[in-house]
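*Asks:* Handing you a structure now.
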Amino acid sequence: MKNRLIEIICKGLYPTLNFNFLKKLLLTAKEARFNDSEINSIKDFDEIMNVINSNSYCDLVMSTDFLDIRGKIIPRVFINLGRNNDEIEILFFFDLKDLKESNFKMSLDYLKDWIEEFQIKYNFNYFICQIDNADHDEYYFDINGQGKLYNNI
């Protein structure tokens, strides 16, 4: 399978979101930092939550070589979590071929099962899987079902 760079974006509301997913992501993070010159370093989950809780806007950047997607470890993953008032958005950016499924549709279906579980477990109210830098109608699937790109595979 050739390179298939994708974005998974989950959206939720600050007061209802369960941030425990950050604990797991931090365990394997190669890098974790806020895009804010006043925040020098972060050491643990509690420090991250202090920043998220005390700011109406923040931007957390992480990278890992060990994103666990239903037992499969995905390398070279960029993760960005942003807060803008009560809106929270997390983006996972990686190459879908790293799932190592036998074909592209199987990889997307596997990913969809994982993101549905993730969305429910952590109280996100929306998700979408799209190509890198997609237009609004260029997506494989979202919370409502398959998109135009999935149907054209």
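*Asks:* Can you tally the net charge around Ser41? Count Lys and Arg as +1, Asp and Glu as -1, for every other residue whose Cβ sits under 14 Å from the Cβ of Ser41.
*Replies:* Result for the local shell: -4.
*Asks:* What part of the accessible area of the chain, given as a whole %, is carbon or sulfur when the probe is 1.4 angstrom?
*Replies:* Ligands and nucleic acids excluded, carbon and sulfur reach 46 percent.
*Asks:* Of the labelled options (i) 45, 28, 26; (ii) 47, 34, 30; (iii) 76, 33, 32, which one gives Cα extents along the principal axes in Å as computed for this structure?
*Replies:* Answer label, from the structure shown: (i).
*Asks:* Mind pulling up the Rg/Rh value for the range 23-86? Radius of gyration and Kirkwood radius, both on Cα.
*Replies:* Value, to two decimals: 0.99.
*Asks:* Between Arg76 and Ile131, what length in nm is gained on full extension when 0.36 nm per residue of separation is reduced by their alpha carbon distance?
*Replies:* 18.2 nm
*Asks:* Averaged per residue, what accessible area in Å² does the range 5-152 show with a 1.4 Å probe, protein chains only?
*Replies:* Here the residues of the range 5-152 average 53 Å² of exposed surface.
*Asks:* How high is the FRET efficiency between Lys24 and Asn55 when r is their beta carbon distance and R₀ equals 22 Å, given to the nearest 0.05?
*Replies:* In this case the efficiency is close to 0.45.
*Asks:* Roughly how many debye, to the nearest 20, is the charge dipole of the chain about its Cα centre, given +1 on each Lys and Arg Cβ, -1 on each Asp and Glu Cβ, and no other charges?
*Replies:* Using only the charged Cβ atoms, the result is roughly 560 debye.
*Asks:* I've got another one for you. Along the charge dipole of the range 48-153, Cβ charges K/R +1 and D/E -1, which of Met106, Met62, Ile131 sits furthest on the positive end?
*Replies:* It is Met106.
*Asks:* How many lysine pairs are close in the range 21-153, with Cα atoms under 19 Å apart and the two 8 or more places apart or on different chains?
*Replies:* Taking the Cα cut-off of 19 Å, the pair count is 19.
*Asks:* Full-extension gain between Ile153 and Glu38, please, as 0.36 nm times their residue separation minus the C-alpha to C-alpha distance.
*Replies:* Roughly 36.8 nm would be gained on extension.
The values are calculated or read from the model by the stated rules, or taken from the named source; none is laboratory data. This structure is a prediction, so every number in the text was calculated from the model and none was measured. Virtual Cβ from ideal backbone geometry, glycine too; neighbours counted across all protein chains shown. Please note that ligands, DNA and RNA were not included when accessible areas were found on the heavy atoms of the full protein model with its side chains. Shrake-Rupley method; radii C 1.70, N 1.55, O 1.52, S 1.80 Å.
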